[in-house]
Ligand SMILES: Cc1cc2nc3c(=O)[nH]c(=O)nc-3n(C[C@H](O)[C@H](O)[C@H](O)COP(=O)(O)O)c2cc1C
């Protein structure tokens, strides 16, 4: 019987520009506590305007990557090298923009290029307001990503930050149990079989 690993050795957390990016330091610590021995973070430029890069670096104890040509120690081509030694890629929060880019093979900055180049499971946790989530293009992109074999979780309840509509859902607990279940399933799917392309 296949043994499903309970913990990942290392995950790569890619954050894009949804307002929820402000929760990253806490999520990193939760991931380290419940699931991963090591978390390396990549921020999109938009995410880096929402959350403090320094707070993310302190929580993860790693330099954060933002640009395609960021280099650190032995990493010179981050969109290829950052996924080489990770068990999975988690995209949280996943903007509608990153869903669209990956669904259409667009790799014009570090996060999208890295996901498209990844040969490990990738899990998206999308977050957007209801109008964006329900837009036909977004619905289509989510379906394409799932058809392509990616795990795309149901969108998290989002507050409309401009009006504060949906604040009650926004302040609810982060669905860490659901996420853990999906991440463990993604690891289990690849146990003993080498790296699957997607989760
Ligand atoms: C305050 C603020 C909150 C935002 N929240 C979201 C969001 O929840 N979901 C989303 O898809 N985009 C959201 N956006 C828009 C994205 O930041 C924008 O589409 C950006 O280009 C995404 O780029 P990225 O995917 O490279 O991070 C927000 C923008 C701002 C300024």
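Observations
- Of 65, 76, 35, the one that fluctuates the most in a GNM where the chain has Cα springs shorter than 10 Å: 76
- As a ratio to 2.2 N^0.38 Å, the alpha-carbon radius of gyration for the chain is 0.96.
- Length added when fully stretched, residue 146-residue 6, from 0.36 nm per residue minus Cα-Cα: 48.0 nm
- The alpha carbon centroids of the stretch 40-112 and the stretch 4-24 are separated by 10 Å.
- Its residues counted as N, the stretch 76-117 yields a C-alpha radius of gyration over 2.2 N^0.38 Å of 1.12.
- Theoretical ellipticity at 222 nm over the chain - DSSP helices of four or more residues, -39500 (n - 2.57) apiece, nearest 500: -11000 deg cm²/dmol
- Within the stretch 105-137, backbone nitrogen closer than 13 Å to the virtual label 7 Å beyond the Cα of residue 77 toward Cβ: 114, 117-118
- Percent of C-alpha pairs per 10 Å bin in the stretch 9-119, short distances first: 16, 52, 31, 1.
- By DSSP, the beta bridges lying fully in the chain are antiparallel in about 10 percent of cases.
- Cα-only Debye scattering, the stretch 11-73: base-10 log of I(q)/I(0) at q = 0.23 Å⁻¹: -0.91
- Note on residue 165 and residue 26: with the Förster distance fixed at 22 Å, the Cβ-Cβ geometry gives a FRET efficiency of about 0.40.
Readers should treat all values here as calculations from the given coordinates under stated rules, not as data from a laboratory. Being a predicted model, the structure only gives us computed values, none of them experimental. All Cβ positions, even for glycine, are placed from backbone atoms using ideal geometry, and neighbour counts span all protein chains on display.
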